[in-house]
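Asker: Here you go, one structure.
The values are calculated or read from the model by the stated rules, or taken from the named source; none is laboratory data. Worth saying up front: this structure is predicted, and the values here are computed from it rather than measured. Heads up, the Cβs are rebuilt from the backbone with ideal geometry, glycines too, and the neighbour counts pull from every protein chain shown. The protein model used for the area step is the full one, side chains on, heavy atoms only, and it has no ligands, DNA or RNA in it. Shrake-Rupley method; radii C 1.70, N 1.55, O 1.52, S 1.80 Å.
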Amino acid sequence: MKRVGVGVLVLLMGASASAHSFGFDFGLFRDAFLARNARTLFGLFGTVGASSQMSLDAATIEADPRKVATFAKRLRVDVVSAEANLGANVDMMALWPNDVHPTHLIVCNEQGTTEPGVQRIALATGAVETILTGTNSCDPAHRTPWGTILVAEESGSTGSALEIIDPLHTTGVQYDRSTGVLSGADAGNVALRRALGHLSYEGVGILPNGIVYYGDENRPSQGTPGGAYFKFVPTAPWAGGAPITDLDDSPLVDGQVYGLRLGLRSGATDYGQGTQTGLGTWVAIPGSFDADLRAAAATLELTGYYRPEDLALDLEALASGDVRFCANNTGNESNDLYYGEAICVTDGTLDQALANTATPEVQLFVVGTPQLAMMDNMAYQPGRGLWILMEDGDQLQGNNDMWACLDDGADEDLLSDGCVRIATLNDLNAEWTGGLFDASGKRFYVSVQHNATGHGIVLEVTGWR
């Protein structure tokens, strides 16, 4: 007689009784299967079994910054930089000048206006230099297809976006938030991008034609809907070619901003609380240039989420000419046991997204749990197509962790086919942030924010099959 697999056995048992009544927990079996097959499914030689309960002191981490975290077996960790002048709250990062042969990281520092706002890190030496000061909570940092850096502030309804050209030769620029004035010898290399509007910037995704998707890192309050998602469509789309040499040639100079509102039933009036997934429309924001987009979201009753955080483009979909991005909504772990979720958004083809003729769709991708909770940053791994989720939790189960999640396969649901823990921090006050891969998908850079040393730590992780 042929041997019957455990999965088949469970299905057979289900005909007469639940699997649990036979002492079999399929959820535990699934988790163990993912871990045992990590090499095939995730390109890893193992996983991390549980969140760390350690909280190392500053001296221990200073002596060897790699000890700030424990990674899955055979993942090699090197220190990119842990210099004393590296911003204490390094957040998102961009590789420069490209993802194939980068020489630098351009990073945002999520601190106040008197601290460095944007810095560059030399990958060869770890040396740190400050490009721009004056931002309040600089969070997203992304390289654009036309060869500039887009950064922005996570600063409520006053958060602004700025664009930087030639970031390796831009140093010591001062930004005055109250006037919008930029000063310093290299001030001409930085421009305020008012066309994107104002909100608490967090996740940003930039398409090759200049479309920008972004969310407002906002939570619900006394009936308000929380943070909305937005789409900027440039007046002059980027058609490709050599990097620009003048900021006036950027697609971000002018355009129209749209906000996402789900619910198409009854003439697209079936929107509001309870309609957070499914089909919707991109609603034009009147007078979107220099607009308070948080106020516009309330007025236009856009769909809200609990603290939209980072987002990442699906590069496989993009290579096929389609638009898909996934994003984290943090949730509220300690007060409400709302563990957050990751969602995925589709917006038709590149041409349809530009013409704004696609019907946007939002579906759940990862549902938060007491273990995988309050997901903040997100990275897409080229080649394997994994999604890396980084926690910014309240440590109910231990330290913040990093997870690798499979994309959805050919099964009947639309959710990730499974996630495994690949790293855990050894500092109870720290959080993962800014993670991104190079073009090969084999080299991963990540920041450990709020760590015990009082300055930034950026790590490089290799070892994926």
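Asker: Could you look through the stretch 331-345, keep only residues that are surrounded by fewer than 19 Cβ atoms within 10 Å (Cβ to Cβ) and in a strand (DSSP E or B), and pick out the one that is modelled with the highest pLDDT? Give the derivation first.
Answerer: Let us first name the residues in the stretch 331-345 that are surrounded by fewer than 19 Cβ atoms within 10 Å (Cβ to Cβ), namely 332, 334-338.
Next, from what is left, pick out any that are in a strand (DSSP E or B): 332, 338.
Numbers: Asn332: 88, Tyr338: 92.
Across the stretch 331-345, the extreme among qualifying residues is Tyr338.
Asker: Filter the stretch 212-269 for residues that are open to solvent by 20 Å² or more (accessible area, probe 1.4 Å), closer than 21 Å to Ser200 by Cα and of a type in the set (Lys, Arg) and give the result.
Answerer: If the condition is that a residue be open to solvent by 20 Å² or more (accessible area, probe 1.4 Å), closer than 21 Å to Ser200 by Cα and of a type in the set (Lys, Arg), then Arg219, Arg261 are the ones that fit.
Asker: Looking only at the stretch 399-444, which residues are among the basic types (Lys, Arg) and touching a residue at least 24 places away in the same chain (Cβ under 8 Å)?
Answerer: Listed by number, the residues that qualify are Arg421, Lys442.
Asker: Follow-up. Just checking, how many residues over the stretch 346-370 are of a type in the set (Val, Ile, Thr) and surrounded by 15 or more Cβ atoms within 10 Å (Cβ to Cβ)?
Answerer: 4
Asker: To continue, here is another question. Suppose we filter Ala88, Ala82 for residues that are surrounded by fewer than 20 Cβ atoms within 10 Å (Cβ to Cβ) and modelled with pLDDT of 95 or more; which single one remains?
Answerer: Answer to the check: Ala88.
Asker: Continuing with this model, one more query. Among the residues of the stretch 100-132, which ones are under 14 Å from Arg143 (Cβ atoms) and either at pLDDT below 95 or surrounded by fewer than 18 Cβ atoms within 10 Å (Cβ to Cβ) (or both)?
Answerer: Val100, His101, Thr103
Asker: Can you pull out the residues in the stretch 265-297 that are among the hydrophobic types (A, V, I, L, M, F, W, C) and modelled with pLDDT of 95 or more?
Answerer: Leu279, Trp282, Val283, Ala284, Ile285, Phe289, Ala291, Leu293, Ala295, Ala296, Ala297
Asker: Just checking, does the stretch 216-232 include any residue being polar (S, T, N, Q) and touching a residue at least 24 places away in the same chain (Cβ under 8 Å)?
Answerer: yes
Asker: Another question about this same structure. Residue by residue through the stretch 216-270, note down the ones that are over 26 Å from Ile149 (Cβ atoms) and in a loop (DSSP other than H, G, I, E, B).
Answerer: Arg219, Pro220, Ser221, Gln222, Gly223, Thr224, Pro225, Gly226, Gly263, Leu264, Thr269, Asp270
Asker: Let me ask you something else. So which residues in the stretch 382-408 are touching a Lys or Arg at 6+ places or on another chain (Cβ under 9 Å), open to solvent by less than 10 Å² (accessible area, probe 1.4 Å) and not acidic (Asp, Glu), if there are any at all?
Answerer: Within the stretch 382-408, Met402, Ala404 meet the criteria.
Asker: Determine, yes or no, whether Thr275 is free of Cβ contacts under 8 Å to residues at least 40 places away in the same chain and open to solvent by 70 Å² or more (accessible area, probe 1.4 Å). Please lay out each step first, then the result.
Answerer: On the way: free of Cβ contacts under 8 Å to residues at least 40 places away in the same chain: yes; open to solvent by 70 Å² or more (accessible area, probe 1.4 Å): no.
Here the answer is no, as Thr275 does not meet what is asked.
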